[in-house]
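Let me begin by presenting the structure, written as structure tokens, before commenting on it.
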Amino acid sequence: MYVIRKKRYTTVRRGASVAEQSNIPMSYSEHGQGDPIVLLHAFPLNGRMWEPQVSALKERYRVVIPDYPGFGNSSNPPIQPDIDYFAECVRELLDDLGLERVVLGGLSMGGYVAFACLRLFPERISALILANTRPDPDSEEIRKNRDNMARRVSEDGVEILVEMQMERLLSPNTLENNQEVVNKVETLMLESSPDGVVAALGAMRDRPNSKPLLPEIEVPTLVVGGVEDAISSPEVMGALAADIPGSIHHTISGAGHLSNMEAPEEFNDVLRNFLTKL
Ligand code: MLT
């Protein structure tokens, strides 16, 4: 089932908080029945990046896939949201759907949002899946790159993302041999709005350090990455897993940053294995 929210932000309001809005501007899709799992997407894509996992999980689970404001089918966010805004959107979605506790998964930016959810409402999270993400804040260099990307997207549109992001997101093997995934990633990027992209870049740029959170995590946690991930290397993922008590760590062969799309079978095996033990 796909739920497309109507556009609500007719004017852009600086610093508007979720609590001030009548409703949350997140479209979502929902699939299957069973224990609820919410999967948060990477930047600059949308919830459809999780299609291989939806197919694998919907027989046994209720899988909820939102699009962040400004991505996929969602309307634009207020300028300039912080990372907590995205987490509050998730909380509001859980409230709307009557979901008291969920398994929360996020890939890359999805992980940054999941960390914010953990800070704000840990009691709503029964287990965590942290894929291809990192807990530390941006370096000065990355912050500058984000500002540069925001400027380019404002000037030239989201098309520029294909040139700027594709090689960061996919492994050389995927880029060369898996045109279907390359095309899909491009399609998802082009479904993003420039305002949404600029807002997400600012929120990621200013996100806090999540490292202090890690030793406090008490729920079962799966840490999964790609062996050729240029953004969240296996070393980064290994250190992340080492800081979370009792977490499970798996590195997927033949995958880069978008490991769930590049190696869906291995990713799904690891995911199912983790979920069945909960
Ligand atoms: C993502 O995949 O969400 C982004 O690459 C994350 C980032 O740029 O830090």
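Our helix-only sum for the chain, with -39,500 (n - 2.57) per DSSP H run of n ≥ 4 divided by its residues, gives a mean residue ellipticity at 222 nm of -13000 deg cm²/dmol.
Here the Karplus relation 6.51 cos²θ - 1.76 cosθ + 1.60, evaluated at θ = phi - 60°, turns the backbone of segment 246-255 into coupling constants of x, 6, 9, 10, 9, 10, 8, 6, x, 10 Hz, with x for every Gly and Pro.
Binning the C-alpha pair distances of the chain at 10 Å intervals from 0 yields a P(r) profile of 7, 32, 40, 20, 2 %, listed from the shortest bin outward. When you count the other C-beta atoms within 10 angstrom of each residue and take the mean per peptide, 159-172, 226-239 line up highest first as 226-239, 159-172. Packing, taken as the mean count of other beta carbons within 10 Å per residue, orders the peptides 193-199, 121-127 from highest to lowest as 193-199, 121-127. Quick check on segment 58-194: take the gyration tensor over C-alpha atoms, sort the square-rooted eigenvalues as a ≥ b ≥ c, and tell me if it's rounded (a/c under 1.5), prolate or oblate. In terms of gyration-tensor shape, prolate.
Could you tell me which of rounded, prolate or oblate describes segment 146-278, using a ≥ b ≥ c as the square roots of the eigenvalues of the alpha-carbon gyration tensor, with rounded for a/c under 1.5 and, failing that, prolate when a/b is larger than b/c and oblate otherwise?
Numbers: a/c = 2.29, a/b = 1.37, b/c = 1.67.
Oblate, because a/c is 1.5 or more while a/b does not exceed b/c.
Go ahead and set up a Gaussian network model of the chain, Cα springs under 10 Å, then flag whichever of 225, 246, 110 fluctuates most. Maximum among the listed residues: 246. Take residue 35, project a point 7 Å from its Cα along the Cβ direction, then tell me which residues of segment 219-237 have their backbone nitrogen under 18 Å from it. Under 18 Å, as judged by backbone N against the label point of residue 35, lie 219-224 of segment 219-237.
Every number in this text was worked out from the coordinates using simple rules, so none of it is lab data. In this text, all values refer to a predicted model and were calculated from it rather than measured experimentally. Cβ sites come from the backbone with ideal geometry, for glycine too, and all protein chains shown count toward neighbours.
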